[in-house]
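*Asks:* Handing you this structure, nothing more for now.
None of the figures in this text is laboratory data; all of them are computed from the coordinates on show. Worth saying up front: this structure is predicted, and the values here are computed from it rather than measured. Quick reminder, even Gly has a Cβ in these numbers, built from the backbone with ideal geometry, and neighbours come from all protein chains shown.
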Amino acid sequence: MKAIVVRPGESGSIHMRDMPDPALNPDQVAVKVLQVGLCATDLEIAHGLYGKPPAGEDVLILGHENVGIVEDVGGSVSGFKPGDVVVSTVRRPCSVCRQCKAGENDMCSSGEYTEHGIMRLHGFMAQFYTEVPHYLIKIPRALRDVAVLLEPMSVVEKGIDHAFVLQRRFVWKPEAGLVLGAGPIGLLAAVVLRARGLRTVVVSREDPSDERAQIVRQLGAQYESAVNRTLADIVRDTGSPDILIEATGNARVAFDAMQVLGTNAVMCLLSVTPGDTLTPEPIDLINRRFVIGNQVVFGSVNANPRHFVTGIKDFSRIEKAYPGALRRLLDNQIPWDQFESWFGDTRTGIKSTLVIE
């Protein structure tokens, strides 16, 4: 089969090659890949900054955001049949830590987990893969066209789920949400907050006429451009948030956000910021606000299979309430033999995907 691979640690090694067809064991499902989402993690691995190949191999098949269709099922498999649309979850547990043993593989503490297309496990930029049913999420036909968004959606679902878990320390009924950044993660965060019924404001640097701002408004949320206004000014006008999702990829913004949280508020950091910048911060003010305001700031990455399931439910809610809004995120579909156009210097659109042929 054809696959897009890299030699982890070697910048510029990405290429398409023939790889062995995956064998189908009796307890597995064979899946034909339809579409793979592209994200910054793929770019970092292609640049040699991250990633590891499977044991005994020198290349890694890229890709962790995926949707496919069942081609065949092993003799001992039940609950799946050819033609089912599925998404595979990404991370697999280690055999060491208590979190993985308890089914919380997204919280692995040993670092020995495996992760499709990222860490010691081949990904989905290939024509086919095989998987045990435990790690497959069946997709309703009505959501097939947006199912490739489910992996990033699961990351958002986890962050917001954990925010609600943290706030069980007292009676907490959030009304206002603030999302920083209008990339795919930020827009999906707005989707989840709107699905929870929160009044939601999205702040980003795009012009109010931009497609991203239009999607925000279609979701029934409010868009505010930060081009000529500070975050403090925007929050002064829109109100302090009960829950804040940071998804800009800019650490400066993250620290600015810590200064606008409301009393009893929680802030989730969902972007991984590159670099090693050193900058002065108003640490006394931030510390004082955290203590006096009973505030929480935490980071979140990856997701548990249950967050994929919650993502499907929220997709259905949003599709019913705001038809077509999710589909607008997928504005740059690339034939997979043209993958180099995205891994080069020019990337356009909100969310790019490879269409596997």
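*Asks:* Enumerate the calculated ³J(HN,Hα) couplings along region 49-64 in order (Karplus 6.51 cos²θ - 1.76 cosθ + 1.60, θ = phi - 60°), each rounded to whole Hz, writing x wherever the residue is Gly or Pro.
*Replies:* 8, 7, x, 9, x, x, 4, x, 10, 9, 10, 10, 6, 6, x, 10
*Asks:* Still on this structure, I have one more. Taking amide H positions as placed in the peptide plane 1.01 Å from N, state which residues far from V67 in sequence (5 or more) or on other chains have amide H under 5 Å from it.
*Replies:* Residues meeting the criterion, in which the H sits 1.01 Å from N, are L34, Q35.
*Asks:* While we're looking at this one, here's another question. Hey, in the GNM for the chain with a 10 angstrom Cα cutoff, which one of V77, V29, V266 fluctuates hardest?
*Replies:* V77
*Asks:* What lysines sit close enough to K320 to cross-link, taking a C-alpha to C-alpha distance under 30 Å and skipping anything fewer than 8 places away on the same chain?
*Replies:* K32, K81, K138, K158, K173, K351
*Asks:* Considering only C-alpha atoms, what is the centroid distance from region 31-56 to region 237-308, in Å?
*Replies:* 28 Å
*Asks:* Would you please put 250-256, 304-310 in order of how densely packed they are, using the mean number of other Cβ atoms within 10 angstrom per residue and starting with the highest?
*Replies:* 304-310, 250-256
*Asks:* In the calculated pair distance distribution of region 154-299, what percentage of Cα-Cα distances lie above 19 Å?
*Replies:* Roughly 48 percent, once rounded to a whole number.
*Asks:* Let me ask you something else. I'd like the FRET efficiency for H134 and Y50, computed as 1/(1 + (r/R0)^6) with the beta carbon distance as r and R0 of 30 Å, rounded to 0.05.
*Replies:* Values: r = 26 Å, r/R0 = 0.88.
Efficiency for this residue pair is about 0.70.
*Asks:* Now a separate question. Tell me which residues come under 5 Å, amide H to amide H, from S13 once H is placed; ignore anything under 5 positions away on its chain.
*Replies:* R7
*Asks:* Compare the peptides 130-136, 152-158, 197-203 by average per-residue count of other Cβ atoms within 10 angstrom and give them in order, highest first.
*Replies:* Descending mean neighbour count gives 152-158, 197-203, 130-136.
*Asks:* Continuing with this model, one more query. Would you please give the residues with an amide H less than 5 Å from that of F128, counting only those at least 5 places away or on a separate chain, with H modeled from the backbone geometry?
*Replies:* Answer set, sorted by chain and number: V33.
*Asks:* Plugging the Kirkwood radius over Cα pairs into Stokes-Einstein for the chain, at a temperature of 25 °C and a viscosity of 0.890 mPa s, what D comes out in µm²/s?
*Replies:* Result for D is 116 µm²/s.
*Asks:* Scaled to the compact-protein estimate 2.2 N^0.38 Å, what is the alpha-carbon radius of gyration of region 173-222, rounded to two decimal places?
*Replies:* Working it through for region 173-222, the quotient is 1.01.
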